[in-house]
Structures are given as C-alpha cells and as structure tokens.
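Participant: Please see the structure below; I have some questions.
FYI, it's all coordinate maths here, none of it is from the lab. What you see is a predicted model; the values in this text were computed from it and never measured. When we count neighbours, we look across all protein chains shown, and the Cβ atoms used for this are built from the backbone with ideal geometry, even at glycine.
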C-alpha cells in the first residue's frame, strides 16, 4: 500500500475544503503576498475560464500561483515556442504554473563544425 501524499499535513480533500484565506495563510511569504494583492486583470480572465468549468485552458500566464481550485485540471502553458500540458496535482500547490512547463531546451553538442580539419577536433575550448 502506497503512502498518501499530504500537503502541509493536509490530505487532498482537506485542502479542497479550505477557504481562500486559510489556504493563503499556509503559503510562503512571496506567494502569500501575490495572492493577497489579488489577480491582475489578465489573470482574471484565466480564473473566469477556470470557474466556468472550461477544460484544457491555454495560457501564456506562467506567473499564476496554483491554488486548490486547480487540482486535477489540465492546462496548456506556453513555453515560448509551444504549449506544454500541465496536469495539476497536490504536490504543485503554491508553486507557479510556469515551473512545470520548461522554457529551455537541453543542448547536445556533436562533433566539430562544418569545414573544420581533423586537427581542430583535438583543440579544447578555453
């Protein structure tokens, strides 16, 4: 039997039952201040779509703090090139949406470039 994950000692049902102010009190200072100031007008459109029950919301808003209302929902967050699917689970509460949609790509370098000679393969970069 797998151990159930708890967020700040609360199960998923208990977190969903929290009112907005009680949830905010459990967050770190920076996230708490962001939520207490209220959503920006561009974030407000995101929350109206969320409250209307729309599924698979596409957004460029990477700075939105994940709240209990978002648990179990799937979002498409813009990475700068494409939209990455993000399904919100309990472990993500209090984090930002953009943290789960990487905007950087790993670079894998291959051999020497076009036009290089055999001797330039042995030269190391300084």
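Participant: So what is the relative contact order for region 61-107, in percent, with contacts set as C-alpha pairs under 8 Å and at least six apart?
Facilitator: 45
Participant: Count the DSSP beta bridges whose two residues both fall in the chain, then state the antiparallel fraction as a percent rounded to the nearest 5.
Facilitator: 70
Participant: What number, in percent, do you get for the relative contact order of the chain if the mean sequence gap of Cα pairs under 8 Å and at least 6 apart is divided by its residue count?
Facilitator: 19
Participant: Another question, if that's okay. How far apart, in nm, are the 7 Å Cα→Cβ label points at residue 63 and residue 19?
Facilitator: 2.9
Participant: If I take R0 = 22 Å and measure r between the Cβ atoms of residue 82 and residue 107 in this structure, what FRET efficiency does the formula 1/(1 + (r/R0)^6) give, to the nearest 0.05?
Facilitator: Efficiency at R0 = 22 Å is approximately 0.80.
Participant: Quote the relative contact order of region 1-73 in percent (integer), defining contacts as alpha-carbon pairs under 8 Å separated by 6+ residues.
Facilitator: That works out to 25 percent.
Participant: Percent antiparallel among DSSP beta bridges with both residues in region 49-100, to the nearest 5?
Facilitator: If I count the DSSP bridges inside region 49-100, around 65 percent turn out antiparallel.
Participant: As a check on your grasp of the helix formula, calculate [θ] at 222 nm for the chain: sum -39500 (n - 2.57) over DSSP H runs of n ≥ 4, divide by the residue count, round to the nearest 500.
Facilitator: -6500 deg cm²/dmol
Participant: Pick from 54, 85, 73 the residue whose mean-square fluctuation is largest in a GNM of the chain, springs joining Cα atoms under 10 Å.
Facilitator: Of the options given, 54 has the highest mean-square fluctuation.
Participant: Starting from the Kirkwood Rh over alpha-carbon pairs, what translational D in µm² s⁻¹ does the chain have by Stokes-Einstein at 10 °C and 1.306 mPa s?
Facilitator: Translational D for this selection: 91 µm²/s.
Participant: At a 10 Å Cβ-Cβ cut-off, how would you order 59, 79, fewest neighbours first?
Facilitator: Ranking 59, 79 by Cβ neighbours within 10 Å, fewest first, gives 79, 59.
Participant: Given the peptides 23-29, 95-101, 47-53, arrange them by the average over their residues of other C-beta atoms within 10 Å, most packed first.
Facilitator: 95-101, 23-29, 47-53
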